[in-house]
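Structure first, then comments.
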Amino acid sequence: MVFGRLVNVMKLPLKYTLRNMWTRRLTTVLTITGLALVIFVFSAVLMMAYGIQKTLVETGSEDNIVILRKAATSEITSIIMQDQANIINALPNIAKSIEGKPLISNEIVVIINLPYIKKEGGFGNILVRGITSEGIQLRPQVKLVEGRLFQWGSREIIVGMNIHTRFQGCNIDEKVKFGGDEWTIVGLFDAGGSGFDSEVWGDEVQLAQAFGYAGAYSSIIAKLERRDGFDEFVSTFNKDLRLQTLEVKSEIKFYEEQSEVMAMFIRILGIVVTIIFSLGAMIGAMITMYAAVSNRTVEIGTLRALGFRRRNILSAFLIESFALALIGGLIGLLLASILQFFQISMTNFGSFAELAFSFSLSPSIIISSLIFSFIMGFIGGFLPAVRAARLNIVNALRSA
Amino acid sequence: MAIVSVKNISKSYWRDSLEIPVLRNISFEVPEGEFLGLMGPSGSGKTTLLNLIAGIDQPTRGTITVANTDVTRLNESQLAKWRAQNIGFVFQFYNLLPVLTAFENVELPLLLSKLSKKERREHVEFSLKVVGLEDRMRHYPKQLSGGQEQRVAIARAIVTDPTILIADEPTGDLDKTSALEILDLLEQLNKEFKKTIIIVTHDPRAAEKAHIIKQLDKGELT
Ligand SMILES: Nc1ncnc2c1ncn2[C@@H]1O[C@H](COP(=O)(O)OP(=O)(O)O)[C@@H](O)[C@H]1O
Ligand SMILES: [Mg+2]
């Protein structure tokens, strides 16, 4: 709206604005740099939050359901007792595997500690999943890329690509010590950029023994016969009093929720930081624009004498600061978009385990960043533009 | 018929509550096609008088009529439009926009008109031809001499075909030769194009070109 009206009263040509910016290119570059930095940080933070969400949401699949202890935000804080698991495994409407067994997987999840390859002396948390053959069928996006699957009944494991590339000693044939035993890595898997890439998988029975988890599970994953059978399944589930401490969620929703806390935290922190930064950039833009007005006082008086209105002057200066902001915004975005080629890892607040993800750009991030830069341009340019528009013609001409 | 009619004009500025009278009860008329010279010592109110006639300042008392329009009765936005159509300004320091070429500077007042791009170009080229700078259209002010800059400014002043040309010490910043060229040009505009010109000057040669000279002293016509 503001912009549309601006164009309407934009009697002075755009080249007038651009050439003035070029004439004082040093201050222009400095001002644009400040604005670009703010937009870089702003969009980088949003890209990070979005990257986390995307990674976690891609982890879940549409057809799967997850059963956890009520109020557990992750598998780590969840516990399901053996008798409850037995009831759940006998519930109707669960899809069948190729062998005709119900596609349901009772799993345990533990966190272990391994040294990073990069950070000297640093250790990171890794999520180890005790899985079943049904559990593997439930995650078709996970593909072995090297070696083989662990043998059931043996102390063998397979590791996700992010674990392989980030942690010491996570190569095929190497042994990893945890749970009072040594585990041989026999395969590497790729989970297509989802959260499973940051996991280690082994036989559920072996891991349960090693960690003393007998008679309990962390979570149960299952696939329903029909996708629209979810509500029916939930109501059957909720009717059973013995299952009242537990909760059913769609897998997608479970991972969405897990990503929300973390993404929200990053967003809020990031936005607070960038707003503080942006004060500096806006003051910079304001100083630049005030200087532009005072350097061009006679020029403004001349234009007014020739018949240009106050609003023509106002728009010329506002557009100048919008142009600074737009260029700064685009440069900031361009720099931030390079981040897409980098992967970082962070502790997932939900599971306390390492999660690798990429900065990820979306149309809405581009729009938010450009809106943010326009707001900076407006706040930085408004008062100087008003001063320019309010100059008295005679006094402006006299200031030669 | 007088094209400019100044009646009982007074103008004061206030510094705090102290009234500083600049013009006292001035009346005169300028017939159409006149070349009027305004002379007087520095600070006598010449620029102030020009500003009032040009409609960029308002008198404290009195009325000014230009081509049958009472300028003192127009509001700010009407005045802006009126200036664009009726007044051509020539300043002592040319007041060209440094980031625009000669062509673009001359085109500026036309951006407020309804002319098409093509019509604007024709008008600008014609004006620049009149001032003899058709070969400098793409030059920026800093690539021109003072005299040339003033000629571009004159082209800008006449491009809208205004009712009157107002020139405040147009040769004040120029060497002798350039000053003469500018004065000849103004004379030519007055003779050939029948432009009404009001010029403030200290230059005796400028005074020679003028048909009538009015002397201003301490805010009064003598
Ligand atoms: N905006 C203003 N505020 C206060 N005093 C002014 C203002 N403009 C002009 N004056 C005073 O009015 C007097 C006449 O100024 P001016 O018209 O510029 O004279 P001239 O052009 O003849 O040199 C001067 O004394 C000047 O200081
Ligand atoms: Mg003067």
- Query: Among (1) touching a residue at least 40 places away in the same chain (Cβ under 8 Å); (2) more than 30 Å from the chain's Cα centre (by Cα), which single condition is A:R267 missing?
  - Reply: (2)
- Item | Pick from region B:138-178, criterion away from chain A (no Cβ under 14 Å) and aliphatic (A, V, I, L, M), ranking: nearest to ligand 2 (Cβ to nearest atom) | B:L174
- Item | B:S127 being over 23 Å from A:L14 (Cβ atoms) and modelled with pLDDT under 95 | no
- Could you say whether any residue in region B:179-198 is within 16 Å of ligand 2 (Cβ to nearest atom), away from chain A (no Cβ under 14 Å) and either closer than 15 Å to B:F103 by Cβ or out of contact with any helix residue (DSSP H, G or I) (no Cβ under 6 Å at 6 or more places or on another chain) (or both)? yes
- Give A:V200, A:V248 a once-over and let me know the one that is under 31 Å from the mean Cα position of the chain (by Cα) and closer than 29 Å to A:D181 by Cβ. A:V200
- Check whether at least one residue in region B:200-207 is in contact with a Phe, Trp or Tyr (Cβ under 8 Å, 6 or more places away or on another chain) and either more than 16 Å from ligand 2 (Cβ to nearest atom) or within 14 Å of chain A (Cβ to nearest Cβ) (or both), and report yes or no. no
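Per-residue answers, yes or no, for (1) assigned to a strand (DSSP E or B); (2) surrounded by 12 or more Cβ atoms within 10 Å (Cβ to Cβ):
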position	(1), (2)
B:I9	yes, yes
B:W14	yes, no
B:V22	yes, yes
B:G33	no, yes
B:T47	no, yes
- Task: State whether one or more residues within region B:27-37 are within 14 Å of chain A (Cβ to nearest Cβ) and either of a type in the set (D, E, K, R) or within 16 Å of ligand 2 (Cβ to nearest atom) (or both).
- Result: no
- Query: Any chance region A:311-330 includes a residue that's farther than 23 Å from A:I366 by Cβ, in the same structural domain as A:F40 (by TED's automatic domain parsing), assigned to a loop (DSSP other than H, G, I, E, B) and of a type in the set (K, R)?
  - Reply: no
- Message: Among (1) more than 16 Å from ligand 1 (Cβ to nearest atom); (2) within 19 Å of the chain's Cα centre (by Cα), there is one condition B:G43 misses while meeting the rest; what is its number?
- Response: (1)
- Filter region B:59-68 for residues that are within 20 Å of A:I393 (Cβ to Cβ) and in a loop (DSSP other than H, G, I, E, B) and give the result. B:P59, B:T60
- Is there a residue being within 18 Å of B:P170 (Cβ to Cβ) and within 16 Å of ligand 1 (Cβ to nearest atom) anywhere in region B:57-75? no
- Conditions: (1) away from ligand 2 (no atom under 16 Å from the Cβ); (2) in contact with a strand residue (DSSP E or B) (Cβ under 9 Å, 6 or more places away or on another chain); (3) part of a loop (DSSP other than H, G, I, E, B); (4) β-branched (V, I, T). B:I56 meets all but one. Number of the miss? (1)
- Note on the structure: The residue from B:L100, B:L111 that alone is away from ligand 1 (no atom under 16 Å from the Cβ), within 13 Å of chain A (Cβ to nearest Cβ), more than 23 Å from B:I53 (Cβ to Cβ) and in a helix (DSSP H, G or I) is B:L111
- Item | Residue list for region A:361-400, filter: within 16 Å of ligand 2 (Cβ to nearest atom) and hydroxyl-bearing (S, T, Y) | A:S399
- Out of all the residues in region B:48-59, is one or more away from every other protein chain (no Cβ under 14 Å) and either over 23 Å from A:R309 (Cβ atoms) or without any contact (Cβ under 8 Å) to a residue 40 or more places away in the chain (or both)? no
- B:F89 being out of contact with any strand residue (DSSP E or B) (no Cβ under 9 Å at 6 or more places or on another chain) and either more than 16 Å from ligand 1 (Cβ to nearest atom) or under 30 Å from B:R136 (Cα atoms) (or both): no
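The values are calculated or read from the model by the stated rules, or taken from the named source; none is laboratory data. All of these numbers come straight from a predicted model, not from anything done at the bench. Here the Cβ is made from the backbone with ideal geometry for all residues, glycine too, and neighbour counts use every protein chain on show.
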